[in-house]
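Report on one structure; see the data block that follows.
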Amino acid sequence: MKKVTIIYSATILEELKDKLEEINVKAYSIIPTVYGKGLSTQPRFDNHIWPGKNQIMFIICDKESSKKILAVVNDLREEYSNEGIVGFIENIEDITTHENTNKI
């Protein structure tokens with residue numbers, strides 16, 4: 001199993017969800033407020049000096065699906081280069097028993 005972590009500007013949440021729905025991602029979790037600065041974007045601290053915020057999305061899936069998700073993230077990076085979005089894949093050693101999988 002893999003965990004795909006996506007950190008992105010909150011302004012592109014709907015676009016991200018739409019793209020993930022297109023490839024049939026069924027489940028994810030979102031941390032709605034994250035502050036920080038990327039390598040190629042301005043800081044986002046949701047204040048008058050650095051407006052805006054980021055979010056984090058986690059998706060647990062199989063290896064093949066994780067690569068498809070990362071391809072979506074790369075497409076969105078090109079499309080929204082000024083907004084900021086990055087994704088990475090981590091290994092999941094173990095997980096609670098589930099009846100369904102997030103296989104796309």
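Values quoted throughout were computed directly from the atomic coordinates according to the rules given, and no laboratory measurement underlies them. Computed from a prediction, not measured in an experiment: that's the story for all the values here. Here Cβ is always computed from backbone atoms with ideal geometry, including for glycine, and neighbour counts include all displayed protein chains.
In the chain, the DSSP-assigned H stretches of four residues or longer account for a calculated mean residue ellipticity at 222 nm of -8500 deg cm²/dmol, using -39500 (n - 2.57) per stretch and the full residue count as denominator. Projecting label points 7 angstrom from Cα along Cα→Cβ for LYS67 and SER81 puts them 2.7 nm apart. Neighbour counts of C-beta atoms inside 10 Å place ILE30, ILE23, ILE6 in the sequence ILE23, ILE30, ILE6, starting with the fewest.
Per-residue Cβ neighbour counts within 10 Å put LEU76, LEU13 in the sequence LEU13, LEU76, beginning with the fewest. Partners of LYS26 within straight-line reach, counting lysines whose Cα lies under 22 Å from its Cα and excluding those fewer than 8 residues away in the same chain: LYS2, LYS3, LYS17, LYS63, LYS67, LYS68, LYS103. Between the labelled values (1) 6.1; (2) 7.2; (3) 6.7, the entry that holds mean projected area of the Cα convex hull in nm² as derived from this structure is (3). Placing dummy labels 7 Å off each Cα toward the beta-carbon, the span from LYS26 to THR5 is 2.6 nm.
The angle between the Cα long axis of helix 13-22 and the longest principal axis of the Cα atoms of the chain comes to about 30 degrees, rounded to the nearest 10.
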